[in-house]
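*Asks:* I'd like to ask some things about the structure below.
The values are calculated or read from the model by the stated rules, or taken from the named source; none is laboratory data. Note that the structure is predicted; figures quoted are calculated from it, not measured. FYI the Cβ positions are ideal-geometry reconstructions off the backbone, even for glycines, and counts take in every protein chain you see.
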Amino acid sequence: MRVEYREEPCRSALNRVKGMPFDWSLNPYTGCAHRCTFCYVRAFEARADRPSDDRYGRSIRVKVNVADVLRRELARASWKREAVAVGAATDPYQPAEGRYRLTRACIQELGAARTPFSLITRGPMIRRDVDVLAEAAGRAKVHVSFSVPTLDERIWRATEPGTAPPRRRLEAVRVLSEAGIDTGVALAPVLPGLSDDPALLADVVREARAAGASGVWANVLYLRPGTREHFLEALGRDWPELLPEYARLYAGRAYLPASATEPVRATVRGLARTTWRPRRPPIAPAPEPEQLALVV
């Protein structure tokens, strides 16, 4: 698939977020070449009158000046070093990062400003940046989450067509963990009738723990308008027998009730407890140097 990369400067780097476990988001790219069929960002694209179907991911905006803008924003007197989530909307380690290195530059700026951040990705390219992640972790709290919904090859190929194989992601978890980077694994999203099989969940949790994941958690698929249409179309191509069940489960709603999601989360929590193993403690931020008062 041919992808167009549009080099466009940005006016702001940090975006204020409400109702989430982080205060700000940072996305060096807009649009994602991974093209996951279940991507929730498709819903926002549809609301903005941008393509959310198979055209999504064919045009990527590259915020070529994002690190410079970020440096200025972090230097403001009003900046309180609140938590920043990197990659909340688009994967910061999609293929474009190999050329542009914007995520790497942003990590360096966040570390220099002693700003805590989390990063979520499906891209094993992050192994390249172990050095700057370790340096940042020595100055502020850093957490990396790898999204690994399943190890099943058919499900992965059909639902995450532009991503690296799940086991390559787990190898990256191992590399980061051994370097002292606090790294967890998210089974997200778990797909009802596909990847929610207990045996498949157990495979991911077991291998995530073996790779050194500090934590493992799960989230079940939600389908907002925009995402729903594309996902169900893709589901109809690969698993048409599941369409009636999805029509029932998601009738009139985007989120499944706790009665449907909690058993999956409870299963993953239980597996995470039983597969826990000692691991290298992550790098802890060093205390800030104290400014000595001058006595005249």
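*Asks:* Among the numbered criteria (1) among the charged types (D, E, K, R); (2) touching a helix residue (DSSP H, G or I) at 6+ places or on another chain (Cβ under 7 Å); (3) free of Cβ contacts under 8 Å to residues at least 12 places away in the same chain, which single criterion is violated by R101?
*Replies:* (2)
*Asks:* Just a yes or no: is a residue in segment 106-123 touching a Lys or Arg at 6+ places or on another chain (Cβ under 9 Å), at pLDDT 95 or above and among the aromatic types (F, W, Y)?
*Replies:* Yes, segment 106-123 contains at least one residue that is touching a Lys or Arg at 6+ places or on another chain (Cβ under 9 Å), at pLDDT 95 or above and among the aromatic types (F, W, Y).
*Asks:* Picking from Y40, Y56, which residue would you name as being surrounded by 20 or more Cβ atoms within 10 Å (Cβ to Cβ), at pLDDT below 90 and either under 20 Å from Q108 (Cβ atoms) or touching a helix residue (DSSP H, G or I) at 6+ places or on another chain (Cβ under 9 Å) (or both)?
*Replies:* Details: Y40 fails: surrounded by 20 or more Cβ atoms within 10 Å (Cβ to Cβ).
Exactly one residue qualifies, and that residue is Y56.
*Asks:* Sort out which residues of segment 158-169 are more than 22 Å from V264 (Cα to Cα), surrounded by fewer than 20 Cβ atoms within 10 Å (Cβ to Cβ), at pLDDT 95 or above and not basic (K, R), and write them in order of number.
*Replies:* The answer is A164, P165.
*Asks:* If you check A172 against the conditions, is it of a type in the set (A, V, I, L, M), in contact with a Phe, Trp or Tyr (Cβ under 7 Å, 6 or more places away or on another chain) and surrounded by fewer than 23 Cβ atoms within 10 Å (Cβ to Cβ)? First the steps, then the outcome.
*Replies:* Working: of a type in the set (A, V, I, L, M): yes; in contact with a Phe, Trp or Tyr (Cβ under 7 Å, 6 or more places away or on another chain): yes; surrounded by fewer than 23 Cβ atoms within 10 Å (Cβ to Cβ): no.
Here the answer is no, as A172 does not meet what is asked.
*Asks:* Which members of segment 75-99 meet the condition of being assigned to a helix (DSSP H, G or I) and surrounded by fewer than 19 Cβ atoms within 10 Å (Cβ to Cβ)?
*Replies:* Kept after step one, since they are assigned to a helix (DSSP H, G or I), are these residues of segment 75-99: 96-99.
Listed by number, the residues that qualify are G98, R99.
*Asks:* Right, here's the next one. Enumerate the pairs (first residue in segment 178-196 and under 26 Å from R248 (Cα atoms); second residue anywhere and crowded, with 20+ Cβ neighbours inside 10 Å and at pLDDT below 95) with beta-carbon separation below 6 Å, excluding pairs fewer than 6 apart on the same chain, so at least 6 apart or on different chains.
*Replies:* Pairs that qualify, where the first residue is under 26 Å from R248 (Cα atoms) and the partner is crowded, with 20+ Cβ neighbours inside 10 Å and at pLDDT below 95, are P189/F38.
*Asks:* Here's another thing I want to ask about it. Anything in segment 244-265 that is over 19 Å from L201 (Cβ atoms), exposed (fewer than 13 other Cβ atoms within 10 Å of the Cβ) and aliphatic (A, V, I, L, M)? List them, or say none.
*Replies:* Correct list: A247, A251.
*Asks:* Hey, another quick one. Of the residues in segment 155-191, how many are part of a loop (DSSP other than H, G, I, E, B) and not charged (D, E, K, R)?
*Replies:* Initial filter on segment 155-191 (part of a loop (DSSP other than H, G, I, E, B)): 160-165, 179-181, 191.
Next, only the ones that are not charged (D, E, K, R) stay: 161-165, 179-181, 191.
Residues in segment 155-191 being part of a loop (DSSP other than H, G, I, E, B) and not charged (D, E, K, R): 9 in total.
*Asks:* Report whether or not R280 is exposed (fewer than 13 other Cβ atoms within 10 Å of the Cβ), touching a Gly at 6+ places or on another chain (Cβ under 7 Å), of a type outside the set (V, I, T) and not in a helix (DSSP H, G or I). Can you show your working first?
*Replies:* Values: exposed (fewer than 13 other Cβ atoms within 10 Å of the Cβ): yes; touching a Gly at 6+ places or on another chain (Cβ under 7 Å): yes; of a type outside the set (V, I, T): yes; not in a helix (DSSP H, G or I): yes.
Here the answer is yes, as R280 does meet what is asked.
*Asks:* Within the bounds of segment 101-121, is there any residue that is closer than 25 Å to T37 by Cα and out of contact with any Pro (no Cβ under 9 Å at 6 or more places or on another chain)? Let's see the steps before the verdict.
*Replies:* Restricting attention to segment 101-121, the residues satisfying the condition of being closer than 25 Å to T37 by Cα are 103, 118-121.
Filter again for out of contact with any Pro (no Cβ under 9 Å at 6 or more places or on another chain), leaving none.
Within segment 101-121, not a single residue is closer than 25 Å to T37 by Cα and out of contact with any Pro (no Cβ under 9 Å at 6 or more places or on another chain).
*Asks:* Select, from D203, D182, the only residue that is farther than 18 Å from T37 by Cα, touching a strand residue (DSSP E or B) at 6+ places or on another chain (Cβ under 8 Å), modelled with pLDDT of 95 or more and not basic (K, R). Show your work before the answer.
*Replies:* Values: D203 fails: touching a strand residue (DSSP E or B) at 6+ places or on another chain (Cβ under 8 Å).
Going through D203, D182 in turn, just one is farther than 18 Å from T37 by Cα, touching a strand residue (DSSP E or B) at 6+ places or on another chain (Cβ under 8 Å), modelled with pLDDT of 95 or more and not basic (K, R): D182.
*Asks:* Pick out the one residue from I107, I126, I120 that is under 21 Å from E207 (Cα atoms) and either touching a helix residue (DSSP H, G or I) at 6+ places or on another chain (Cβ under 8 Å) or buried (at least 24 other Cβ atoms within 10 Å of the Cβ) (or both). Steps first, answer last, please.
*Replies:* Numbers: I107 fails: under 21 Å from E207 (Cα atoms); I120 fails: either touching a helix residue (DSSP H, G or I) at 6+ places or on another chain (Cβ under 8 Å) or buried (at least 24 other Cβ atoms within 10 Å of the Cβ) (or both).
I126 is the lone residue from the list that is under 21 Å from E207 (Cα atoms) and either touching a helix residue (DSSP H, G or I) at 6+ places or on another chain (Cβ under 8 Å) or buried (at least 24 other Cβ atoms within 10 Å of the Cβ) (or both).
*Asks:* Name the one entry in P198, P225, P189 that is within 29 Å of A258 (Cβ to Cβ) and modelled with pLDDT under 95. It would help to see each step written out before you state the result.
*Replies:* Numbers: P198 fails: modelled with pLDDT under 95; P189 fails: modelled with pLDDT under 95.
When all the criteria are applied, what remains is P225.
*Asks:* Could you please give the count of residues in segment 238-266 that are assigned to a helix (DSSP H, G or I), without any contact (Cβ under 8 Å) to a residue 24 or more places away in the chain and out of contact with any helix residue (DSSP H, G or I) (no Cβ under 6 Å at 6 or more places or on another chain)? Lay out the reasoning, then the answer.
*Replies:* Applying the first criterion (assigned to a helix (DSSP H, G or I)) to segment 238-266 yields 238, 240-249, 258-266.
Filter once more, so that each one left must be without any contact (Cβ under 8 Å) to a residue 24 or more places away in the chain: 240-241, 243-244, 247-248, 258-259, 262-263, 266.
Filter once more, keeping what is out of contact with any helix residue (DSSP H, G or I) (no Cβ under 6 Å at 6 or more places or on another chain): 240-241, 244, 247-248, 258-259, 262-263, 266.
Residues meeting the conditions: 10.
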